[in-house]
1. Checking N43 against (1) part of a helix (DSSP H, G or I); (2) more than 18 Å from the chain's Cα centre (by Cα); (3) in contact (Cβ under 8 Å) with a residue 12 or more places away in the chain, only one condition comes out false. Which one?
2. Which pairs do you get when a residue that is assigned to a helix (DSSP H, G or I), found in the range 48-65, comes within reach of a residue that is small (G, A, S), reach meaning Cβ atoms under 8 angstrom, with the pair 6+ apart or on two chains?
3. With respect to A56, is the statement that it is surrounded by 10 or more Cβ atoms within 10 Å (Cβ to Cβ) and at pLDDT 80 or above true?
4. Out of the residues in the range 22-40 that are within 15 Å of the chain's Cα centre (by Cα) and outside any strand (DSSP E or B), which is nearest to G60 (Cα to Cα)?
5. Please enumerate the residues belonging to the range 59-74 that are exposed (fewer than 11 other Cβ atoms within 10 Å of the Cβ) and of a type in the set (G, A, S).
6. Given the criteria aliphatic (A, V, I, L, M), outside the structural domain of I17 (by TED's automatic domain parsing) and assigned to a helix (DSSP H, G or I), does L91 qualify?
7. Do we find a residue being surrounded by 11 or more Cβ atoms within 10 Å (Cβ to Cβ) and either closer than 30 Å to R20 by Cβ or touching a Ser or Thr at 6+ places or on another chain (Cβ under 7 Å) (or both) anywhere in the range 75-97?
Amino acid sequence: MPQNIAHSVQTTSLADILERVLDKGIVIAGDIKICLADVELLNIKIRLLIASVEKAKEMGIDWWQSDPALSSKAKAMEEENRQLRERLDRLETRLGG
């Protein structure tokens, strides 16, 4: 008498895996050191965080908002700061001379 055995196959798509990783976040860390005759020539620390924007902000990571290369608002602020420094230098020169 044949028996029917139910098999459950769980498939996980790449989208499911990405959703889980981005929701929870994942950190990959490593160090690379190059030494020659007990003299350290190069030391590189590599830290990689993969997470969604919301998760990163929740963890207090939002460096892309203030990076002039990535944010037009940050670029405008950098230009304004440059102009203010130039103005301050001119005022200090007038007061000092």
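The values are calculated or read from the model by the stated rules, or taken from the named source; none is laboratory data. In this text, all values refer to a predicted model and were calculated from it rather than measured experimentally. Don't worry about glycine lacking a Cβ; one is built from the backbone with ideal geometry, like all the others, and counts go over all protein chains shown.
1. If we test N43 against (1) part of a helix (DSSP H, G or I); (2) more than 18 Å from the chain's Cα centre (by Cα); (3) in contact (Cβ under 8 Å) with a residue 12 or more places away in the chain, just (1) comes out false.
2. Hits for this filter: K55/G25; A56/G25; W64/S71; Q65/S71; Q65/A74.
3. yes
4. Among those that are within 15 Å of the chain's Cα centre (by Cα) and outside any strand (DSSP E or B), it is G25.
5. Selection gives G60, A69, S72.
6. Against the criterion (aliphatic (A, V, I, L, M), outside the structural domain of I17 (by TED's automatic domain parsing) and assigned to a helix (DSSP H, G or I)), L91 qualifies.
7. no
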